[in-house]
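Worksheet: the structure to be examined is printed underneath.
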Amino acid sequence: MTRPPHLTSDSAACCWIPLFALRCEVARRPELASHPQPLALLAPDASRRLWQVAPLARRAGVKPGMTVSQAIGLCPSLKLCEPDPVHYDEQFALLLAALSAVSPVIEPAELGRVFVGTDGLEGLYGAPEKIVEAIKCGVRNAECGIEVGSQLVHSALHTPHSALRLGWGKGKFVSWVAATRARPGGAVIVRPGEEMNFLASQPIAVLPLDPDTHRRLLQLGIKTLGALAALPEEAVVSQFGRAGRRVWRLAAGRIAEPVVGRVVPEPIVAALTFFSGIGERELLEHALDQLLERALRNPRRIGWRVQVVRVRAELEHGASWLATATLKEPSAVRERLAAPLKTQLERSPPAGAVERLAVEFTGFAPGTAELQLFARDANAAARAGRRRALQSAAREITLRVKRPMLYHVIEVQPWSRLPERRYALIDYEP
Amino acid sequence: MNPETMRNAEVGMRNGSDRLRALNVQQRVVVELDDSGAPVVVKREPGNGKRIESIGETWRIDDEWWRMPIVRRYVEVILEGGGRLVLFEDLMTGEWFAQMPT
């Protein structure tokens, strides 16, 4: 089995939108934007802990990782949002698609953070400042096309204090640190040769360290990358092992990890031959669902969302039928892929009995690590669908009875010997 | 959880921001005792008592002696008709309360 070729780039631009998921929620719920209030997003797992916390809530002492009861205790007016990872993933895919129009080398790091390879772009745009401007422009131009369908990138990047931060430098680490230093809507450029000077004054918090190592470094009085790089490499290695070598080299600017893009996969095909020709629409729709499911499970699809899907039918007497759908928002959810195809099947059905049906994914948009976590399989998509249905039902109930009637059970002091202190109800606010 | 919220939760109220509501909050009841101090009748409302068929486990809790001491004597009972209930006597005030078994 041959490995697919990778596109790489030594010079990197880091695009970073902090609190991306929270911004998605604010973008699609105008009431949150019009009345600023302490806001937090629950983690998309079973822990029921906080995932992302808005600045207003942070000022009240609320932090990511807290339980709901701890957070409400600190900030009684805190508004909690249920997470919708599939939605965030879709919106991030839009951002990636916009950036891939500027450079072919795109490497998503996490939700809201993506590296853009810029090797060779100087021939197109010129100096790094121009490249950074082109990236901003590319995102803005792409936003015009998605403004109607999605508000996220639009509102996340077009707010008066745009949330997008850009950093440019040699290697991913330098560009990431530069992005963390940039003002909202701004960019920091670290020119070749200036990396060491730039990194020397940065706090060690920018290093990819576990909390224990971070604490030990602070206890040793090492607060900046310059202070760390001033130590002998072997001394750091003897204290912190392999991780120590890596962070020392990052701090000293000795490592410049390239941006690694991915080649768009070849089309994925799933086909089904019928023993005898079929003409019933219900049967064809069922077969279509099965084929989409099979194609989505193809390992080559992992990490990619489908943008263009095609259905081909071979009919009796050598005739054929074709339907193509280009999704405005790339998706990895079977129902979303099937919907436009089923509409076409209903409006202009095949002119004869179908003997062979084939589904082809021909266009892809990059996904994210979160995509693989949350939306890769049908179960995750189904979970997200159920959550959306529940949110919709909860909203309807609230509208009808004028007060919330749904509650979460949350742990308050599950260890308490007093039964009434163990659990409590909190309003379910979708 | 801050002390105010906790106190509200204890007595079954919502906190100031109307967000949290404690589960399994104790309800005050009237309990008739026999000569040995064991409960024989429990009344949620005056005149509406239920006889206790049998007594299960009993235990005692001493907690929070450093602020407002909590001293309770718990009795798990089976009511006539088969219902299970946990009763406790607040040994600081002598009042009886009922809770759902956990």
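The values are calculated or read from the model by the stated rules, or taken from the named source; none is laboratory data. On a predicted model such as this, the values are computed, not experimentally measured, just so you know. Don't worry about glycine lacking a Cβ; one is built from the backbone with ideal geometry, like all the others, and counts go over all protein chains shown.
If we keep just the residues of segment A:417-430 that are within 11 Å of chain B (Cβ to nearest Cβ) and touching a residue at least 40 places away in the same chain (Cβ under 8 Å), which is surrounded by the fewest Cβ atoms within 10 Å (Cβ to Cβ)? Among residues in segment A:417-430 that are within 11 Å of chain B (Cβ to nearest Cβ) and touching a residue at least 40 places away in the same chain (Cβ under 8 Å), the one surrounded by the fewest Cβ atoms within 10 Å (Cβ to Cβ) is A:Glu429.
Could you check segment A:328-366 and list, in sequence order, the residues that are in a helix (DSSP H, G or I) and either out of contact with any helix residue (DSSP H, G or I) (no Cβ under 9 Å at 6 or more places or on another chain) or hydrophobic (A, V, I, L, M, F, W, C) (or both)? Hits for segment A:328-366 are A:Leu337, A:Ala338, A:Ala339, A:Pro340, A:Leu341, A:Thr343, A:Gln344, A:Leu345, A:Arg347.
Within segment A:379-416, take every residue that is modelled with pLDDT under 65 and buried (at least 17 other Cβ atoms within 10 Å of the Cβ) and give me the one that is farthest from A:Arg334 (Cα to Cα). By that ranking, first place goes to A:Ala380. Scanning segment A:63-72 finds no residues that are surrounded by 22 or more Cβ atoms within 10 Å (Cβ to Cβ), touching a helix residue (DSSP H, G or I) at 6+ places or on another chain (Cβ under 7 Å) and either at pLDDT below 90 or of a type outside the set (Lys, Arg) (or both).
Condition first: touching a Lys or Arg at 6+ places or on another chain (Cβ under 8 Å) and in a strand (DSSP E or B). Now tell me which residues in segment A:256-297 satisfy that. Selection gives A:Val259, A:Ile268, A:Ala270, A:Ala271, A:Leu272, A:Thr273, A:Phe274. Residue-level check: of (1) free of Cβ contacts under 8 Å to residues at least 40 places away in the same chain; (2) farther than 18 Å from A:Glu411 by Cβ; (3) away from chain B (no Cβ under 14 Å), A:Ala57 misses just (3). Checked against (1) crowded, with 17+ Cβ neighbours inside 10 Å; (2) modelled with pLDDT of 75 or more, A:Glu370 passes all but condition (2).
One line per residue, one yes/no per condition, for (1) of a type in the set (Ser, Thr, Tyr); (2) under 14 Å from A:Gln239 (Cα atoms); (3) exposed (fewer than 15 other Cβ atoms within 10 Å of the Cβ); (4) modelled with pLDDT under 90:
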{"site": "A:Arg181", "(1), (2), (3), (4)": "no, no, no, no"}
{"site": "A:Val190", "(1), (2), (3), (4)": "no, no, no, no"}
{"site": "A:Glu195", "(1), (2), (3), (4)": "no, no, no, yes"}
{"site": "A:Leu199", "(1), (2), (3), (4)": "no, no, no, no"}
{"site": "A:Pro203", "(1), (2), (3), (4)": "no, no, yes, no"}
{"site": "A:Thr213", "(1), (2), (3), (4)": "yes, yes, no, yes"}
{"site": "A:Leu220", "(1), (2), (3), (4)": "no, yes, yes, yes"}
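The one condition from (1) more than 30 Å from A:Met66 (Cα to Cα); (2) out of contact with any strand residue (DSSP E or B) (no Cβ under 6 Å at 6 or more places or on another chain); (3) modelled with pLDDT of 85 or more that B:Glu57 does not meet is (2). Total residues in segment A:60-88 satisfying the condition of being without any contact (Cβ under 8 Å) to a residue 40 or more places away in the chain and aliphatic (A, V, I, L, M): the figure is 5.
Residues checked against (1) surrounded by fewer than 11 Cβ atoms within 10 Å (Cβ to Cβ); (2) within 13 Å of another protein chain (Cβ to nearest Cβ); (3) not small (Gly, Ala, Ser):
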residue: B:Gly47; (1), (2), (3): yes, no, no
residue: B:Lys50; (1), (2), (3): no, no, yes
residue: B:Gly56; (1), (2), (3): no, no, no
residue: B:Ile78; (1), (2), (3): no, no, yes
residue: B:Gly82; (1), (2), (3): yes, no, no
residue: B:Leu87; (1), (2), (3): no, yes, yes
residue: B:Ala98; (1), (2), (3): no, yes, no
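Test B:Ile78 against the criterion of being part of a strand (DSSP E or B) and without any contact (Cβ under 8 Å) to a residue 24 or more places away in the chain, and give yes or no. No. Restricting the search to segment A:265-297, which residues are surrounded by fewer than 15 Cβ atoms within 10 Å (Cβ to Cβ), within 30 Å of A:Leu96 (Cβ to Cβ) and aliphatic (A, V, I, L, M)? Selection gives A:Ala271 alone.
The number of residues in segment A:298-323 being touching a residue at least 12 places away in the same chain (Cβ under 8 Å), more than 23 Å from A:Ala98 (Cβ to Cβ) and not in a helix (DSSP H, G or I) comes to 11. Only one of the listed residues (B:Val71, B:Val29, B:Val41) is more than 14 Å from chain A (Cβ to nearest Cβ), part of a strand (DSSP E or B) and surrounded by fewer than 17 Cβ atoms within 10 Å (Cβ to Cβ). That residue is B:Val41.
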